[in-house]
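Accompanying notes for the structure given below.
Every number in this text was worked out from the coordinates using simple rules, so none of it is lab data. Model, not experiment: these values are computed from the prediction. Note: ideal-geometry Cβ built from the backbone for every residue, glycine included; neighbour counts use all protein chains shown.
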């Protein structure tokens, strides 16, 4: 019995370690090869496990994955939610444990119904896809992001980040298969050829799916407003003046862009301070686009008012976009009637936002038809695709000051780069304190501002026409592939004996 207990604990510890390796494959660490290693270790740990054992191992893997990968939740709760260290630690642990349940269900289903290498790969990617929409979604820490800075990133326009995830996980399982077949040269050779083919065919893959149709000139202001000051009404005039000062330039500019909630109040209050600057922009034929809260009539609320987290054109045109994917607790409070007011964290400024409409117009600025996204909306592949396919340039605004000097801003930037790559569009990213950047259609960074610096970034951004295969077909081919793999794995696993 003691030996069996020690064996179980060993497997649990190894599962946590395996999960913790996966985020190290992503930004800012970028040890991409750890992604297939992490998947392979989980596959080994699940070998010959019981159903319950598979669930436990999966949950422990999830603890490592999210414990390392979203550790920045602690920063938001403690530093900006004013929660004491013990409470912030507890709430972060609860969040990590809850997210790990996804992996628990994933590994249990694999072990119960799809017990084969094909099944492991298919269930993995299926659950990444599931996490993009279930319970509003949390599409973070996808394995495919590990390949963003590798030559294999050229395959992203075919099937998006999920295609790269499929290859990454399959690579780990194939490596195990090759080692297992070392005495059988033909199966080993077949696996080597199969998984080296994408590398060998790199020269045959189109490098450009879209072509330039024009150009727009943008000026991005990064004011680095401390989160502790952002929502203090006494600071508002100074904050707005800082953005105005940063946005003054002699360059030929089509649009000035400020980040998410750069204007920390409603239009009627902000215009009193900004009126002279807005008149100046109109005279210069320049457009101002800024993140800001907006208000609408909502009879379901006590004061009959609802609030959107919005991107709004304030000068040089008209139009707004309202955020459709809200951050739990940061922008709305689940179980609000029970939780709001219990601690400061559940009473954060502007945590009463409503979901924006499902179908919204692009932002039109002269020849630029801009697909707009706010903060972590850029992490939703299908949401971005739906708007990007109608656009010729993409825009995302964010305020990553919530996460301090953690790994979250670098992860967020990497995710945004993948969206540019999938959609064959230039992507403009405006943030409060970094990382403000311009991304090319190949996912590479064209120019950027250092994190935590105060400054402005000028860029001439090409407008693109055409579409990638992923834009045309979305996740439907992926669903077909996953369905076929799951069916094949059912056939293979049906002959196995379970405990």
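Using only helices, what value at 222 nm comes out for the chain when you add -39,500 (n - 2.57) per DSSP H run of length 4 or more and divide by the total residues, to the nearest 500 deg cm²/dmol?
-14500 deg cm²/dmol
Rounded if a/c is under 1.5, else prolate if a/b is larger than b/c, else oblate: which is region 56-171, with a ≥ b ≥ c the root eigenvalues of its Cα gyration tensor?
oblate
Ignoring solvent entirely, what values of log10 I(q)/I(0) come out of the Debye formula for region 365-413 at 0.12, 0.15, 0.19, 0.32 Å⁻¹ when each Cα is a single scatterer?
The computed values of log10 I(q)/I(0) come out as -0.31, -0.46, -0.66, -1.18.
So how long is each side of region 139-238 along the principal axes, counting just the alpha-carbon atoms, biggest first, in Å?
Principal extents (largest minus smallest coordinate, Cα): 74, 38, 16 Å.
From the convex hull of the Cα coordinates of region 204-260, what is the mean projected area in square nanometres?
6.7 nm²
Neighbour counts of other C-beta atoms within 10 Å: give me 110, 115 arranged from fewest to most.
115, 110
Using only Cα atoms, find the angle between the long axis of helix 408-423 and the longest principal axis of the chain, and express it within 0 to 90 degrees, rounded to the nearest 10.
With rounding to tens, the tilt is 90 degrees.
When a footprinting reagent is the concern and you count Cβ atoms within 10 Å, what order do 120, 135 take, fewest first?
135, 120
With only alpha-carbon pairs counted, each pair once and no self-pairs, how large is the Kirkwood hydrodynamic radius of region 211-467 in angstroms?
Final number for the Kirkwood radius of region 211-467 is 18.4 Å.
Could you state the orientation-averaged shadow area of the convex hull built on the Cα atoms of the chain, in nm² to one decimal?
25.6 nm²
By how many degrees, 0 to 90 and rounded to 10, does the Cα axis of helix 185-200 deviate from the longest principal axis of the chain?
Between the helix axis and the principal axis of the chain, the angle is about 10 degrees.
Tilt of helix 476-493 relative to the longest C-alpha principal axis of the chain, in degrees (0 to 90, nearest 10)?
The helix 476-493 is inclined about 20 degrees to the chain.
In angstroms, what radius of gyration and Dmax does region 167-290 have, counting Cα atoms only?
Values for region 167-290 (Cα only, Rg and Dmax): 27.2, 78 Å.
Taking the beta-carbon count within 10 Å as an exposure proxy, list 308, 473 from fewest neighbours to most.
In order of increasing Cβ crowding within 10 Å: 473, 308.
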